[in-house]
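A quick write-up on the structure given underneath.
The values are calculated or read from the model by the stated rules, or taken from the named source; none is laboratory data. All figures in this text were calculated on a predicted structure; none of them were measured in a lab. Neighbour counts are summed over all protein chains in view; Cβ atoms, including those assigned to glycine, are modelled from backbone coordinates with ideal geometry. Side chains included, ligands, DNA and RNA excluded: accessible areas come from the protein's heavy atoms. Shrake-Rupley method; radii C 1.70, N 1.55, O 1.52, S 1.80 Å.
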Amino acid sequence: MKAPIFEIKRFAVHDGDGIRTTVFFKGCPLKCVWCHNPEGISSEIQLAYNESKCTHCATCAAVCKSGAVRLLDGKRIFSSKDCTKSFECVRNCPTGALRVYGKHYTVDELLPILLEDRGFFDESQGGVTLSGGECLLYSDFCQNLLMKLKKEGINTAVDTCGFVPRQSIEKVVDYTDVFLYDVKAVDEVTHIRCTGKTNGLILENLFFIDSLDKKIEVRIPYVPEYNDGEMQKIARLLKGLKNLVGVRVLPYHNFAESKYLSLGIENTLPKRLPTADEIDQAKKIFRENSIIVK
């Protein structure tokens with residue numbers, strides 16, 4: 001059993017308590033307009049091309065045995081349908097203009113990498129967080145990995161959008177110390193506009209996890225002109241949870257623009273960024289509803 005991973009991020013301090021190592025899985029059932037990890041949307045291993053680093057030296061074309069890469073009038077032409085994903089082009093690129101997003105791991109390959117940071121976990125009361133994309137698209141893999149992490153005494157967190165079958169949550173719940181749960185909107189029309197999907201399943205799963213007496217940290221991206229009018233509704237919703245340990249209001253940013261370009265996918269990132277005052281006001285709403293803001 002293998003799962004596609006696009007990043008293993010060490011010394012993460014925003015993905016649960018303490019110092020953590022976060023594993024980012026490829027593939028997501030939502031398509032949030034503000035997605036800051038576009039390399040995690042597709043479950044496929046992807047080749048990215050940064051034209052600003054390219055000197056058009058033609059090394060990639062020379063080593064590509066499938067003919068997926070060629071130069072035409074000094075410009076690099078790439079045919080994804082012809083690419084066999086040997087990635088000789090990446091290994092031979094002299095300027096780093098090419099990179100691969102994603103690598104398949106088995107649990108036994110991934111586990112020792114994560115255990116290397118045990119000392120930092122112990123000192124900071126941190127641990128391992130599974131994220132994405134959507135890690136629970138690979139619930140059997142996650143169950144196996146989390147079970148082995150718990151046997152090693154490692155604190156575990158699952159960061160999920162919640163748009164997964166209930167069975168996927170049931171597989172990991174006994175081995176998860178805290179769920180980091182995304183709530184983008186309560187209003188269904190707003191949620192569809194923001195993510196392309198309805199939110200009924202997401203809200204059902206949120207209260208299902210709560211019914212199992214598992215700790216929940218809710219994470220709320222704040223995106224002006226998209227879900228900025230949802231904060232009071234979210235606060236009222238969350239007051240119904242028994243095991244909420246707090247919320248994080250995450251200011252939208254557009255740092256991922258270059259990733260969209262390098263992957264050759266449509267850039268849907270909104271133009272307007274939130275102001276500091278808007279974020280403060282959003283946090284105030286939750287505090288006024290007696291909800292801890294982290």
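Worth pointing out:
- Considered as a group, the residues in region 136-160 that are under 15 Å from ILE41 (Cα atoms) and open to solvent by less than 10 Å² (accessible area, probe 1.4 Å) include one that is farthest from the chain's Cα centre (by Cα), and that residue is LEU136.
- Extreme residue, farthest from VAL189 (Cα to Cα), among residues of region 219-229 that are open to solvent by 20 Å² or more (accessible area, probe 1.4 Å) and part of a loop (DSSP other than H, G, I, E, B): GLU225
- Within region 91-103, being surrounded by fewer than 19 Cβ atoms within 10 Å (Cβ to Cβ) and among the small types (Gly, Ala, Ser) holds for one residue alone: GLY96.
- Pairing each residue of region 115-129 that is free of Cβ contacts under 8 Å to residues at least 60 places away in the same chain and farther than 13 Å from ILE8 by Cα with any residue that is open to solvent by less than 40 Å² (accessible area, probe 1.4 Å) and not in a helix (DSSP H, G or I), provided the two are 6+ apart or on different chains, yields C-beta distances under 9 Å for ARG118/ILE154.
- Residue selection: LYS215 fails the criterion of being within 30 Å of VAL173 (Cβ to Cβ), touching a residue at least 60 places away in the same chain (Cβ under 8 Å) and either touching a Cys at 6+ places or on another chain (Cβ under 7 Å) or open to solvent by 60 Å² or more (accessible area, probe 1.4 Å) (or both).
- Note on region 230-271: among residues that are closer than 17 Å to ILE220 by Cα and basic (Lys, Arg), the one that is least open to solvent (accessible area, probe 1.4 Å) is ARG248.
- Residues in region 104-127 that are acidic (Asp, Glu) and open to solvent by 70 Å² or more (accessible area, probe 1.4 Å) were compared, and the one that is nearest to ILE5 (Cα to Cα) is GLU109.
- Hits in region 243-259 (condition: in contact with a helix residue (DSSP H, G or I) (Cβ under 8 Å, 6 or more places away or on another chain), assigned to a strand (DSSP E or B) and closer than 22 Å to THR275 by Cα): VAL247, VAL249, PRO251
- Complete set of residues in region 172-185 that are touching a helix residue (DSSP H, G or I) at 6+ places or on another chain (Cβ under 7 Å), buried (at least 20 other Cβ atoms within 10 Å of the Cβ) and free of Cβ contacts under 8 Å to residues at least 60 places away in the same chain: VAL172, THR176, PHE179, TYR181, VAL183, ALA185
- Qualifying positions in region 56-70 - open to solvent by less than 40 Å² (accessible area, probe 1.4 Å) and either of a type in the set (Val, Ile, Thr) or within 12 Å of the chain's Cα centre (by Cα) (or both): VAL63, VAL69
- Looking only at region 272-285, and only at residues there that are in a loop (DSSP other than H, G, I, E, B) and touching a strand residue (DSSP E or B) at 6+ places or on another chain (Cβ under 8 Å), the one that is most open to solvent (accessible area, probe 1.4 Å): LEU273
- Members of region 43-79 that are within 18 Å of GLY264 (Cβ to Cβ) and touching a Pro at 6+ places or on another chain (Cβ under 9 Å): SER43, GLU44, ILE45
- For GLY133, the conditions (1) on the phi < 0 side of the Ramachandran plot; (2) touching a Gly at 6+ places or on another chain (Cβ under 7 Å); (3) buried (at least 21 other Cβ atoms within 10 Å of the Cβ) are fulfilled apart from (1).
- Sole exception among (1) in contact (Cβ under 8 Å) with a residue 40 or more places away in the chain; (2) over 17 Å from LEU241 (Cα atoms); (3) not basic (Lys, Arg) for ILE202, by number: (2)
- For the criterion of being assigned to a helix (DSSP H, G or I), open to solvent by 10 Å² or more (accessible area, probe 1.4 Å) and within 26 Å of LYS283 (Cβ to Cβ), VAL189 passes.
- Residue ID - least open to solvent (accessible area, probe 1.4 Å), chosen from residues in region 1-55 that are under 14 Å from the mean Cα position of the chain (by Cα) and free of Cβ contacts under 8 Å to residues at least 60 places away in the same chain: SER42
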